[in-house]
1. When only Cα pairs under 8 Å and 6 or more residues apart are kept, what is the percent relative contact order across chain B?
2. Simple spin-label model, 7 Å along Cα-to-Cβ: residue B:117 to residue B:3 in nm?
3. Tell me what the protein assembly as shown gives for mean residue ellipticity at 222 nm when only DSSP H runs of n ≥ 4 count, each as -39,500 (n - 2.57), the sum divided by the residue total, rounded to 500 deg cm²/dmol.
4. How are the Cα pair distances of segment B:67-132 distributed, in percent, across 10 Å bins from 0?
5. If you project the alpha carbons of segment B:31-86 onto the principal axes, what extent comes out on each, in Å, largest first?
6. Ratio of the protein assembly as shown's C-alpha Rg to 2.2 N^0.38 Å, to two decimals?
7. Taking chain B as a Gaussian network, Cα atoms linked when under 10 Å apart, which of B:38, B:127, B:52 shows the biggest mean-square fluctuation?
8. Evaluate the relative contact order of segment A:2-84 (contact order divided by residue number), counting alpha-carbon pairs under 8 angstrom at least 6 apart; express in whole percent.
């Protein structure tokens with residue numbers, strides 16, 4: 001498996017650390033009910049198909065990536081820098 | 001403070017040459033990390049006289065991450081613009097040059113290091129085996145920056161790869 005780091009290009013999977021679902025990027029607003037936090041922290045959809053998750057380019061440039069991939073075909077469909085998203089670098 | 005004798009990580013180790021390819025410790029002198037504060041990239045670029053594109057080397061500036069460079073040699077005053085930290089004592093440098101350099105390193109790095117794909121002045125932060133490293137393509141080989149504590153392991157890994165390639169050439 002190879003992931004395309006937007007900065008470094010196509011790199012081997014062993015350079016990356018898998019963090020988890022993209023849900024971690026969507027924090028509930030301040031004062032949100034406890035259920036919203038429970039959702040963000042614990043509830044996952046586990047799709048057979050396209051999924052989005054967070055990877056860290058650990059032995060590379062140190063960027064966090066949002067990777068879109070297909071769990072059935074193992075195709076990596078897209079990668080983007082978390083820092084380049086709105087509010088990502090904050 | 002008395003004047004202490006600085007010893008490099010592989011102090012006293014003689015260069016190793018196998019099949020015309022030489023592995024040697026390199027002395028890179030002062031090594032400084034410059035990590036740009038948010039929104040200060042333009043000013044840092046001006047002060048440093050440039051800023052390398054990702055995975056490239058520009059003069060004495062080595063790209064090591066988003067808005068981060070390693071500087072070889074003296075660094076201008078960047079107060080308020082970037083986090084500047086002296087890295088000199090924390091790193092060891094190895095230089096591998098000769099016809100088998102790329103082949104030997106491709107046994108350890110998950111990268112295509114042939115000259116067509118990794119030309120001079122390309123650099124990469126990539127794993128040498130399981131070790132973090134910075135790999136820089138030079139005119140006739142590679143400069144490898146590795147954590148000082150792992151210098152002897154890195155040497156051993158590269159030496160093993162060179163021996164394997166040499167044995168292979170001899171067998172044909």
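Only the coordinates and a few stated rules stand behind these numbers; no lab work does. Computed from a predicted structure; not experimentally measured. Cβ coordinates were reconstructed from backbone atoms using ideal geometry, including for glycine residues, and neighbour counts include every protein chain displayed.
1. On the way: 300 pairs, mean separation 41.2, N = 172.
Taking the mean separation of contacting Cα pairs over the length of chain B, I get 24 percent.
2. 4.9 nm
3. On the way: 4 runs with 44 residues, N = 262.
The helix contribution divided over the protein assembly as shown gives -5000 deg cm²/dmol.
4. Distribution as computed: 14, 41, 30, 14, 1 percent.
5. The Cα atoms of segment B:31-86 stretch 25, 20, 17 Å along their principal axes.
6. Details: Rg = 21.4 Å, N = 262, 2.2 N^0.38 = 18.3 Å.
With N residues counted in the protein assembly as shown, Rg over 2.2 N^0.38 Å equals 1.17.
7. B:38
8. Working: 135 pairs, mean separation 24.6, N = 83.
In percent, rounded to a whole number, it is 30.
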